[in-house]
Amino acid sequence: MITESNSRAPIGMSNLLVQAREIVANSAAAEAQDFDSAVWVGRWIETAPPALSGREPADLIDTSTGAQMVAKLLSSIESGAYQ
């Protein structure tokens with residue numbers, strides 16, 4: 001049975017991948033040229049950063065609120081605001 005949360009997870013993952021690719025594309029760092037955003041996102045969503053109260057991004061991207069939290073965290077990482 002497909003539920004709302006099951007159907008939103010691929011959209012949340014796709015949005016994260018687009019966001020990560022944009023971050024890399026906007027980076028002036030030399031390392032960004034060969035950076036594989038898809039691999040990084042695949043690993044990152046399985047971590048439990050303190051900013052998400054120990055929850056993995058993969059567990060949150062299946063709801064709109066959770067996906068917004070994860071996207072905000074990724075933006076914070078890009079800006080350097082996340083410690």
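The values are calculated or read from the model by the stated rules, or taken from the named source; none is laboratory data. Bear in mind the structure is a predicted one, so any value in this text is a computation, not a measurement. Virtual Cβ from ideal backbone geometry, glycine too; neighbours counted across all protein chains shown. The accessibility values were calculated without ligands, DNA or RNA, using every heavy atom of the protein model including side chains. Shrake-Rupley method; radii C 1.70, N 1.55, O 1.52, S 1.80 Å.
I want to confirm something. Restricting to the stretch 61-76 and keeping residues that are more than 10 Å from the chain's Cα centre (by Cα) and not small (G, A, S), which single residue is farthest from M13 (Cα to Cα)? Going through the qualifying residues, I end up with T65. Out of all the residues in the stretch 44-60, is one or more of a type in the set (D, E) and either at pLDDT below 90 or open to solvent by less than 30 Å² (accessible area, probe 1.4 Å) (or both)? Checking the stretch 44-60: not a single residue is of a type in the set (D, E) and either at pLDDT below 90 or open to solvent by less than 30 Å² (accessible area, probe 1.4 Å) (or both).
One line per residue, one yes/no per condition, for (1) touching a residue at least 40 places away in the same chain (Cβ under 8 Å); (2) touching a Phe, Trp or Tyr at 6+ places or on another chain (Cβ under 7 Å); (3) assigned to a loop (DSSP other than H, G, I, E, B); (4) on the phi < 0 side of the Ramachandran plot:
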residue	(1), (2), (3), (4)
Q19	yes, no, no, yes
A28	no, no, yes, yes
A32	no, no, no, yes
V39	no, no, no, yes
R43	no, no, no, yes
A51	no, yes, no, yes
G54	no, no, yes, no
A67	yes, no, no, yes
L73	no, yes, no, yes
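Of the residues A9, A28, A20, the single one that is at pLDDT below 90, among the hydrophobic types (A, V, I, L, M, F, W, C) and open to solvent by less than 80 Å² (accessible area, probe 1.4 Å) is A9.
Scanning the stretch 56-65 for residues that are in a helix (DSSP H, G or I) and among the charged types (D, E, K, R) yields a single hit, D59. Keeping to the stretch 64-83, report how many residues are surrounded by 15 or more Cβ atoms within 10 Å (Cβ to Cβ) and modelled with pLDDT of 90 or more. So the answer is 7.
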